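For reference, the structure is listed below as structure tokens.
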Amino acid sequence: MDSDLKKKLLREMLFARRFEERCYEAYVERKIGGFLHLYSGEEACAHGVLEAARPGQDYVITSYRDHVHAIKCGMDPKVVMAELFAKETGCCKGLGGSMHIFGVEQRFMGGYALVGGPFPLAAGIAKGIQMKGGDEICICFLGDAANNQGTFHESLNMAKLWNLPVLYVCENNLYGIGTRIDRSTAVVDQYKRVSSYNIPSAQADGQDVEVVYEAAQKAVDHVRSGKGPYFLELMTYRYRGHSMSDSNAYREKKEERMWGGRDPIIMLRDSLIEAGETSAEKFKAMDAEILEEIENEVIRFAEESPEPSMDLLHKYVMTENDPYVKGGSK
Amino acid sequence: MAEIMFWEALQRAHDEEMARDPLVYCMGEDIGVAGGTYKATKGLYEKYGAERVIDTPISENGFTGLGIGSSFLGCRPIIEIMSVNFAWLAMDQLFNTAAKVHYMSGGQLMAPVVVRSPGGTAHMLGAQHSARMEKVFMGIAGLRVVTPSSPRQAYGLLKSAVRCNDPVFINEHEMMYNMKGDVPDEEYFLPLEGSEISRGGKDVTLFGYNVSVYWCQQAAEILSRNHNIDAEVVDLYCLSPLDREGIKRSVSKTHRAVIVEEAEPAVGVGAEVMAIINEDCFYELDAPPVRVSAENTPIPYNHKLERAAIPDIHNVVDAVLKMFGRT
Ligand SMILES: Cc1ncc(C[n+]2csc(CCOP(=O)(O)OP(=O)(O)O)c2C)c(N)n1
Ligand SMILES: [Mg+2]
């Protein structure tokens, strides 16, 4: 990975961190409602993988922990924040919320709140790609605990059976809410679980964006070249609780400290400083710039946007004016 | 106009839609090489190949979700779930994704999937193969539910369902696939909202859907022949949304309503039609509406008990006579 790319990723990941942490504050201020799941600590996963793919062209789908993936796919952070603020200018006009960010133009096919729900949807998107004949792929990011759903097994089986262009990325942060992986899952190494479907897989350090990027390049190449599905497990950690309503009391301080010492942003920053590509001062200046951008553009846009009009309540239950509802045009 | 069987009508609709649009495909258990449990996809595997006539693993939630995902890209899957009893397993994807994705994406995505599945009480299939599930599907905002009672409806509804941009659940009946009926030779589409008057009458409305339409029709014959009661039969072939206007129109004419359903009474079509009557045309009524429903039990295996668990023509006749104070 060249240093320009590293610098670009450093900025993007720092932006993601600041975006998420600002969401935390906005939630405390009650500007954001519902369930809010933050991605802090896991930034290298989405950034490393999507950098190796074609964001905006490849299809991406994920869980409720979705803001950062959406932005990396090319969605405007303002529009994402406005959605979190439940405003009409939000990507889903305030009908979706934090767990349901969608940016179909950027081929971000959405965040879904049912654990394991996107597994078959991703296989289906890949089926759609196959039928239409493009060289895009579908990338599905889900957590470790999702792999205990039946949809995991059903989807891997079908993806392999029909040779679908789908890359499953497991963001293994070791927990499903408050249950540590070894207490919920018989086989702790997730990449091993897919071998029963004859799907190639790998495990990589999810805190080092360079490592993620390289592992993802291999994975993406495999899928794009028509060889069928691939499963990439990234070992990572979330710094916040599962959601804002989580006490986060179930993790040992020692464990948190250990992962805190492997912060993907700090690690990347330090390697760039060491290589003489940036300095602590430059990093600070960049941080200040990002904070200002988030405050003056992103938050302001969300704050100043109007609430959705009341007629939106009924607008998208069914698609509008479909002629076949009335028995066709004939 | 030709007289064809219910399954043939479905097969023709599949075939025409697949021939027209390369993004229409069908999938389900044993629908391809084996030709389909009910033959609705007979011959299509040979014609369109394994990529568009897909034999799926036994993974109802998985392949339903896969179909939905493909529909995000403009594919139009026609998913056959072998029996509604197995459709329970696909409810997560149907309800949590298909019914909600257009809404929660602020109109960005559509899920134009068709899911067809037969339900009802067939012949001694036992409790786990005799569910009547339409009531569950029709309670979900964002999902259309239709239920054909004839080959003509089976064809016309499937044609519209494939082209419609909303997800549509087609509730078929195990016992109807070999039923014969007239189907026009030219292409046609039936509306996905509305109802049909299958027999005009002035004294009482019998509301039926799917198989119970026949119970209503035969009861109406008996009522007319033996009791001088002129019953109207309304076929509620669209269960969600129900045809409020049609219900109101008929009740305003006959002033009496009997709803006949093969399912258990609670939270069902009968309850819903009664609520609509109550809300929209209560003062038109000359008598309280009545439901003729199944017993509130799982379906037993023994044939006599099985028949006793679901309504028949005589239950309908009796309910009407009682309403007229003739018993
Ligand atoms: C079907 C379903 N069951 C339970 C939940 C509640 N729930 C939400 S997130 C979650 C844990 C998921 O953990 P994981 O897949 O590892 O993802 P992470 O949150 O760690 O990113 C649970 C149990 C849910 N949303 N959906
Ligand atoms: Mg997890």
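Looking across B:GLY139, B:GLY156, one residue alone is closer than 18 Å to B:ALA2 by Cα and out of contact with any strand residue (DSSP E or B) (no Cβ under 7 Å at 6 or more places or on another chain). It is B:GLY156.
Residues that are farther than 14 Å from B:SER150 by Cβ and surrounded by 18 or more Cβ atoms within 10 Å (Cβ to Cβ) within region B:172-192 comprise B:GLU174, B:PHE189, B:PRO191, B:LEU192, listed in sequence order. Looking at region A:114-128, is at least one residue charged (D, E, K, R), facing chain B (nearest Cβ under 10 Å) and away from ligand 1 (no atom under 16 Å from the Cβ)? Taking every residue of region A:114-128 in turn, at least one turns out to be charged (D, E, K, R), facing chain B (nearest Cβ under 10 Å) and away from ligand 1 (no atom under 16 Å from the Cβ). With respect to the stated conditions, A:GLY133 is more than 7 Å from chain B (Cβ to nearest Cβ) and free of Cβ contacts under 8 Å to residues at least 12 places away in the same chain.
All of A:LEU121, A:LEU114, A:LEU95 fail the test of being within 16 Å of ligand 2 (Cβ to nearest atom), closer than 17 Å to B:THR97 by Cβ and either within 17 Å of the chain's Cα centre (by Cα) or not in a strand (DSSP E or B) (or both), apart from A:LEU114. The residues in region B:71-86 that are farther than 11 Å from B:CYS26 by Cα and either part of a strand (DSSP E or B) or free of Cβ contacts under 8 Å to residues at least 24 places away in the same chain (or both) can be counted, and the count is 1. Summed over region A:136-151, residues that are more than 7 Å from every other protein chain (Cβ to nearest Cβ), assigned to a helix (DSSP H, G or I) and either of a type in the set (A, V, I, L, M) or surrounded by 24 or more Cβ atoms within 10 Å (Cβ to Cβ) (or both) total 3.
Only a single item in (1) within 28 Å of B:ASN226 (Cα to Cα); (2) in contact with a strand residue (DSSP E or B) (Cβ under 9 Å, 6 or more places away or on another chain) is not met by B:VAL269, and it is number (1). Considering every residue within region B:209-219, establish whether at least one is touching a helix residue (DSSP H, G or I) at 6+ places or on another chain (Cβ under 7 Å) and surrounded by fewer than 24 Cβ atoms within 10 Å (Cβ to Cβ). Within region B:209-219, one or more residues are touching a helix residue (DSSP H, G or I) at 6+ places or on another chain (Cβ under 7 Å) and surrounded by fewer than 24 Cβ atoms within 10 Å (Cβ to Cβ). Scanning region A:140-197 for residues that are within 13 Å of ligand 1 (Cβ to nearest atom) and of a type in the set (A, V, I, L, M, F, W, C) turns up A:CYS140, A:PHE141, A:LEU142, A:ALA145, A:ALA146, A:PHE152, A:VAL169, A:CYS170, A:LEU174, A:ILE177, A:ILE181, A:VAL188. Pairs, please: C-beta under 7 Å, at least 6 apart or cross-chain, first residue of a type in the set (Phe, Trp, Tyr) and in region A:138-151, second more than 7 Å from ligand 1 (Cβ to nearest atom)? Once the first residue is of a type in the set (Phe, Trp, Tyr) and sits in region A:138-151, its partners that are more than 7 Å from ligand 1 (Cβ to nearest atom) give A:PHE141/A:ALA46; A:PHE141/A:THR62; A:PHE141/A:HIS69; A:PHE141/A:VAL169.
Residues that are out of contact with any Gly (no Cβ under 6 Å at 6 or more places or on another chain), away from ligand 2 (no atom under 16 Å from the Cβ), more than 20 Å from A:ALA202 (Cα to Cα) and among the small types (Gly, Ala, Ser) do occur in region A:144-157.
Can you name the residue in region A:126-143 that is within 18 Å of B:GLY67 (Cα to Cα) and within 15 Å of the chain's Cα centre (by Cα) and is also farthest from ligand 2 (Cβ to nearest atom) among such residues? The qualifying residue farthest from ligand 2 (Cβ to nearest atom) is A:CYS138. For the criterion of being part of a loop (DSSP other than H, G, I, E, B) and not acidic (Asp, Glu), B:ALA40 passes. Considering B:ALA34, B:ALA19, B:ALA2, B:ALA50, the condition of being more than 7 Å from chain A (Cβ to nearest Cβ) and within 28 Å of A:GLY117 (Cβ to Cβ) is satisfied by B:ALA50 alone.
Surrounded by fewer than 22 Cβ atoms within 10 Å (Cβ to Cβ), within 22 Å of A:LYS218 (Cα to Cα) and not hydrophobic (A, V, I, L, M, F, W, C), is that true of A:ARG54?
Spelling it out, A:ARG54 is indeed surrounded by fewer than 22 Cβ atoms within 10 Å (Cβ to Cβ), within 22 Å of A:LYS218 (Cα to Cα) and not hydrophobic (A, V, I, L, M, F, W, C).
In the set B:PRO118, B:PRO112, only one residue is within 14 Å of another protein chain (Cβ to nearest Cβ) and either in a loop (DSSP other than H, G, I, E, B) or under 14 Å from the mean Cα position of the chain (by Cα) (or both); that residue is B:PRO112.
So in region A:58-72, with the set limited to residues that are away from ligand 1 (no atom under 15 Å from the Cβ) and more than 13 Å from chain B (Cβ to nearest Cβ), which one is nearest to A:ALA302 (Cα to Cα)? Here the answer is A:ILE71.
Bear in mind that the values in this text are calculations on the coordinates, not laboratory data. As the structure is a computational prediction, the values presented were derived from the model and not from experiment. Backbone-built Cβ (ideal geometry, glycine too); neighbour counts: all protein chains shown.
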